[in-house]
1. If I go through the range 242-268 residue by residue, how many of them are in contact with a Ser or Thr (Cβ under 7 Å, 6 or more places away or on another chain), away from the ligand (no atom under 16 Å from the Cβ) and among the charged types (D, E, K, R)?
2. For the range 229-344, give me every one of the helices (runs of 4 or more DSSP H) that falls completely inside it and has 2 or more residues that are over 19 Å from Arg187 (Cα atoms).
3. Give the residue, chosen from Arg177, Arg187, that is within 16 Å of the ligand (Cβ to nearest atom), out of contact with any helix residue (DSSP H, G or I) (no Cβ under 7 Å at 6 or more places or on another chain) and open to solvent by 10 Å² or more (accessible area, probe 1.4 Å).
4. Among the numbered criteria (1) within 15 Å of the ligand (Cβ to nearest atom); (2) surrounded by 14 or more Cβ atoms within 10 Å (Cβ to Cβ), which single criterion is violated by Asn197?
5. Restricting attention to the range 137-174, report how many residues are β-branched (Val, Ile, Thr), surrounded by fewer than 21 Cβ atoms within 10 Å (Cβ to Cβ) and part of a loop (DSSP other than H, G, I, E, B).
6. Can you find even one residue in the range 309-328 that is aromatic (Phe, Trp, Tyr), open to solvent by less than 70 Å² (accessible area, probe 1.4 Å) and within 23 Å of Ala223 (Cα to Cα)?
7. Looking only at the range 275-296, filter to residues that are open to solvent by 10 Å² or more (accessible area, probe 1.4 Å), under 28 Å from the mean Cα position of the chain (by Cα) and within 15 Å of the ligand (Cβ to nearest atom); which one of those is nearest to Leu229 (Cα to Cα)?
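The values are calculated or read from the model by the stated rules, or taken from the named source; none is laboratory data. These numbers come from a predicted model, not from an experiment. Backbone-built Cβ (ideal geometry, glycine too); neighbour counts: all protein chains shown. Just so you know, the surface numbers come from the protein's heavy atoms only, side chains and all, with ligands and any DNA or RNA stripped out. Shrake-Rupley method; radii C 1.70, N 1.55, O 1.52, S 1.80 Å.
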Amino acid sequence: MQNKIEQYTSEINSFQPADAAELETFRIRFLGTKGLIKDLFEEFKTVSSEEKRVMGKVLNEFKQLAEGKYQSLKESLTVESETTGTEADLTLPGEGFQSGSRHPLSLVRKEIIEIFKKLGFNVTEGPEIEDDWHNFSALNFPEEHPARDMQDTFFIKKGGEKGDIALRTHTSSVQVRMMENGKPPFRAIMPGRVYRNEAISARAHCFFHQVEGLYIDENVSFADLKQTLFYFVQELFGEGTKVRFRPSYFPFTEPSAEMDISCTICKGDGCQLCKYSGWVEILGCGMVDPNVLENCKIDSEKYTGYAFGMGIERITNLKYQIKDLRLFSENDVRFLQQFQSELI
Ligand code: PHE
């Protein structure tokens with residue numbers, strides 16, 4: 001009996017059917033009602049009780065081996081015939097494929113650009129590696145002025161020394177380039193990546209994205225600035241969103257302000273997001289300082305203008321209630337997939 005089982009075992013292990021018919025022959029030979037396993041169990045009844053103790057286990061294991069082999073061969077043959085060859089079922093759903101989606105920051109940048117385009121703003125871009133003039137001096141940051149520390153700058157060393165080349169800390173540098181290279185009127189927005197030397201946390205990162213805007217013409221007033229930004233907020237966050245302006249300071253604008261909107265979550269009633277104030281800050285703005293216009297060879301007696309700047313991450317956080325800035329750059333598919341439906 002032991003010998004037979006050993007012989008059958010090697011036969012089963014090497015069995016590889018060419019088609020379903022051969023597998024069926026296998027089944028009948030080993031597992032059928034008149035099959036070899038049935039015979040072995042009959043034979044088992046006749047052996048001595050001592051032998052039974054040993055053979056019982058061997059026999060059961062052999063039965064399991066035959067059944068297992070049959071099941072797995074049956075499954076692989078079914079899968080094959082369903083998906084290939086003449087027996088293929090053409091009504092089965094096709095294999096899905098993963099499609100990419102736009103990054104939330106791209107979605108929001110696009111939305112912001114669309115709104116300003118409707119108001120007649122062009123889109124302008126500039127270099128991320130900037131010189132001191134375009135990032136600071138032309139924008140009325142005096143040499144050694146503490147305002148330069150407001151924006152922790154990554155300087156690029158030249159021959160081991162801190163030169164005047166840096167990663168831009170804001171896209172205001174693009175405003176300078178535009179004013180230097182053209183003639184007023186100017187009406188444009190500048191989207192782009194900016195860099196600041198900050199420790200990475202849920203609320204700060206060493207790079208982020210901005211959209212700044214500039215409008216320069218004759219007789220541009222603070223009222224124009226307010227109305228433009230009010231319209232922008234209604235379009236982006238919905239009708240009825242309130243705005244308020246608080247006095248602030250930037251070297252390149254005078255007067256300067258920060259703009260808050262009524263909290264997108266509690267609508268002003270007070271919640272964790274707005275720290276129970278009902279308001280959240282979204283951007284900085286102001287009237288372009290005449291010194292900046294003069295630095296760019298624009299007659300500040302004739303022309304006035306406004307400028308504003310916002311962080312795309314901040315706006316995206318508010319729109320989608322994202323609480324951790326790091327999510328934007330970690331490329332976690334579970335995060336990115338949530339924007340799948342927003343393919344545009
Ligand atoms: N450049 C400012 C910043 O990065 C934002 C700003 C732009 C403020 C234009 C006022 C006017 O913080």
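1. 1
2. 312-320, 327-330, 333-336
3. Arg187
4. Answer for Asn197: the failing condition is (2).
5. Selection size over the range 137-174: 1.
6. no
7. Selected residue: Gly284.
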